[in-house]
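The values are calculated or read from the model by the stated rules, or taken from the named source; none is laboratory data. In this text, all values refer to a predicted model and were calculated from it rather than measured experimentally. We place every Cβ from the backbone using ideal geometry, glycine too, and count neighbours over all the protein chains shown.
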């Protein structure tokens with residue numbers, strides 16, 4: 001196994017000040033309900049929550065085996081009697097999300113075997129809409145967290161979806177008019193139980209579903225408008241291959257920008273106050289991956305990881321509010337069903353030890369075929385984690401497109417909602433450049449930068465596979481570049497990059513301890529070694545405390561001065577235990593001779609690079 005070895009440095013850069021008052025621990029906290037970082041098909045029973053928590057997932061979608069099935073909850077006749085409901089299975093799923101602080105959109109399957117007199121789902125409008133509506137009302141009431149008829153622990157689910165991909169006959173064999181009636185019935189029952197809940201329409205299997213198919217969404221929307229219905233979330237599913245983040249590979253070859261700015265607004269002209277989500281997105285890794293239409297193109301782990309960044313950033317820049325990647329850990333269900341190594345079983349971020357070889361399904365903990373072993377993270381896993389570290393907490397309504405397809409290059413600007421600091425994401429679609437040869441690079445220039453320096457971090461680790469990564473903190477190439485006249489230029493290769501400005505602000509204290517009486521020791525090591533000593537000078541004996549926060553406002557560590565000699569103080573911060581990134585530390589100084597009245601709080605930002 002290849003080991004990555006790099007020296008790491010800490011650059012103490014940029015200084016912020018909050019004078020007089022102590023910085024509260026919630027000062028940098030975010031409300032993650034607006035986070036776009038989401039995953040579908042989490043395994044809620046096998047301890048796989050470690051993966052979404054590690055990479056910063058804030059939303060999940062319960063569908064398929066984790067969907068909310070009427071047939072599972074109500075199993076006795078006559079229907080419409082809440083006292084007979086069995087909530088054990090959905091309670092387990094709701095508790096999983098609640099305990100792990102992950103928001104959930106729950107997809108409701110309206111099939112009930114008693115109602116339809118069928119063992120297998122029929123894809124039809126329920127016969128007993130009254131019993132169905134009673135079930136929906138009880139369901140939403142159970143998970144609204146208001147203390148009345150709540151599930152154990154009062155888990156809160158505020159987002160619901162009515163069925164899945166109804167423009168595909170496999171899921172919905174009824175008419176568009178009947179789906180519109182199903183949706184309005186569900187919407188009204190949900191809002192009656194929880195007026196604050198959001199309700200999403202069925203996911204559209206691909207963007208062409210807006211026009212094509214027996215149950216196309218234009219017909220559904222027209223009927224929904226006719227019967228006085230509305231919705232909160234419109235959902236599209238957007239899979240594909242490398243480069244399809246901007247142009248769908250399926251029928252019509254829809255361009256995302258045009259779809260979001262022309263096609264969809266036209267189709268939704270009778271509705272307002274809605275959001276657009278992509279609750280299924282992804283691409284695969286592997287060379288022997290099959291689609292129902294034939295062999296998918298060979299894609300490396302590097303290709304998958306690069307496409308992941310583009311699918312999130314480009315979609316967000318086109319006003320899509322959430323993007324759900326097609327599972328964390330790979331599945332094997334499609335491969336078993338169809339007898340080949342199916343595309344949808346290869347879009348995950350973590351291998352599962354399963355593959356189909358010569359038509360035979362094989363599982364091996366240590367790997368089989370191109371699968372490198374159960375639990376082995378792909379490069380895309382680490383890329384997802386880096387993406388959330390760099391972009392979580394952004395103002396999602398203020399994303400600026402800086403460069404759009406100029407020489408196949410793209411760049412977008414994000415602004416952190418708490419700090420106001422910008423982060424740029426840039427890439428080169430080298431595969432669209434007819435003159436490209438392996439190893440080429442392309443120069444990009446970003447302008448309007450207010451800092452003197454920027455940090456450029458590759459979004460994809462430097463290895464060819466995640467199996468070689470033994471230390472996440474040293475897995476990414478990081479460079480510090482100088483800015484000249486507000487402009488910085490650098491070369492792009494195959495990997496997208498994050499570009500962060502390094503703040504130029506300076507100390508501006510107030511209070512009885514004046515600026516020239518508080519000085520950082522100019523002899524501190526720069527770059528810092530792993531065990532960093534923060535030194536500073538004060539004119540008289542004081543009590544000094546230092547607190548380390550991450551950018552979301554979570555308190556990481558509290559330290560106190562270790563040495564106090566002739567006005568010189570030092571606090572040892574063991575930075576080796578931290579991941580690379582931006583941290584905030586606050587020095588709180590109190591003068592015990594004056595009951596702490598003569599003191600101040602200085603807040604500083606540092607960038608840790610390993």
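Some points to look at:
- Selected residue (criterion: surrounded by the fewest Cβ atoms within 10 Å (Cβ to Cβ)) from residues of segment 416-456 that are in contact with a helix residue (DSSP H, G or I) (Cβ under 7 Å, 6 or more places away or on another chain) and under 28 Å from residue 396 (Cα atoms): 423
- In segment 227-239 there is no residue matching the filter, namely being touching a residue at least 40 places away in the same chain (Cβ under 8 Å) and in a helix (DSSP H, G or I).
Residue-wise test of (1) at pLDDT 95 or above; (2) buried (at least 18 other Cβ atoms within 10 Å of the Cβ).
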| position | (1), (2) |
| --- | --- |
| 222 | yes, no |
| 236 | yes, yes |
| 262 | yes, no |
| 268 | yes, yes |
| 293 | no, no |
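- Within segment 59-152, helices (runs of 4 or more DSSP H) holding 2 or more residues that are out of contact with any helix residue (DSSP H, G or I) (no Cβ under 8 Å at 6 or more places or on another chain) and touching a residue at least 60 places away in the same chain (Cβ under 8 Å): 88-99
- Residues of segment 481-497 satisfying the condition of being in contact (Cβ under 8 Å) with a residue 40 or more places away in the chain and surrounded by fewer than 16 Cβ atoms within 10 Å (Cβ to Cβ): 487, 489, 491
- Single match in 292, 281 (criterion: touching a residue at least 24 places away in the same chain (Cβ under 8 Å), touching a helix residue (DSSP H, G or I) at 6+ places or on another chain (Cβ under 8 Å) and farther than 30 Å from residue 196 by Cα): 292
- Residue match in segment 483-494 (condition: farther than 20 Å from residue 578 by Cα and in contact with a helix residue (DSSP H, G or I) (Cβ under 7 Å, 6 or more places away or on another chain)): yes
- Of all the numbered requirements in (1) modelled with pLDDT of 95 or more; (2) farther than 17 Å from residue 190 by Cβ; (3) over 26 Å from the mean Cα position of the chain (by Cα), residue 91 misses one, and that requirement is (3).
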